[in-house]
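The values are calculated or read from the model by the stated rules, or taken from the named source; none is laboratory data. Predicted, not measured: the structure shown is a model, and the values here were computed from it. Methodologically, a virtual Cβ is constructed for each residue, glycine included, from the backbone with ideal geometry; neighbour enumeration extends over all protein chains shown. Areas reflect the complete protein model, heavy atoms only, side chains present, ligands, DNA and RNA absent. Shrake-Rupley method; radii C 1.70, N 1.55, O 1.52, S 1.80 Å.
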Amino acid sequence: LFLSSFSVAFAQSSKVTLTPYEKKVKEINVRYFEKFYGRPMSWGDQLQLEQVLSEGGSAEFIMGLALMNFAMNNPKSYVEPIVKKYGAELKAAEKLRGPADIQKEKERKARIEQNKKEKELKAKQEAYAKTDVGSIQISIKSEFEKWNQKGEFEKETDYAERLETKSQTAFNEICINQIQKKINEYNN
């Protein structure tokens, strides 16, 4: 199990090509994470951290958690100089940013925005599906898809003719039946 997870992590990390800026930020984050962690990290910890740091957006989250833990467990006079030095090193690494880094950042932001829109759409669809109209629409769709399927022993010509001549009538009947079914649920 360990070897398989290592090979997956190694394969994924070897696919990612880091820019000089990304390499420097990763190196700084690994070094400071160990300080924030409070003890030298094991080889496995380092491998896992490097994998997480290679994934982009989660790096800020992980480093934020480590920093918060560090700040909560140490006096302010000890934490402030280390945090300032960490910030200064990250700011100095900004000089290494190139067009590839800017493009990656744009793509990452676009992915985040796309994921956000997809989650919002999914939430709206789920909320709509819980309404009367939504549940009726879903049941109509499901029933009509069942009706549209070709029967096991139905000939291709009969199937095509059924779709062409009886689709509208079947759809109307399914709509009426599903609406009536919903009304009966309320009456019961």
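The figures follow:
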item	result
Residue satisfying all of: in the range 112-149; β-branched (Val, Ile, Thr) and in contact (Cβ under 8 Å) with a residue 12 or more places away in the chain; nearest to ALA59 (Cα to Cα) among these	ILE112
Members of the range 61-86 found to be farther than 13 Å from GLY38 by Cα, among the aromatic types (Phe, Trp, Tyr) and modelled with pLDDT of 90 or more, listed by number	TYR86
Cβ-Cβ under 7 Å pairs, at least 6 apart or on other chains, the range 92-111 side touching a residue at least 12 places away in the same chain (Cβ under 8 Å), far side of a type in the set (Lys, Arg)	ALA93/LYS24; LEU96/LYS24
The one condition in (1) within 30 Å of THR17 (Cβ to Cβ); (2) modelled with pLDDT of 90 or more that LEU47 fails to fulfil	(2)
Scan of the range 31-63 for residues that are open to solvent by 80 Å² or more (accessible area, probe 1.4 Å) and outside any helix (DSSP H, G or I), ordered by number	ARG39, PRO40, GLU55
Those helices (runs of 4 or more DSSP H) lying entirely in the range 64-157 with at least 1 residues on the phi > 0 side of the Ramachandran plot and open to solvent by 60 Å² or more (accessible area, probe 1.4 Å)	none
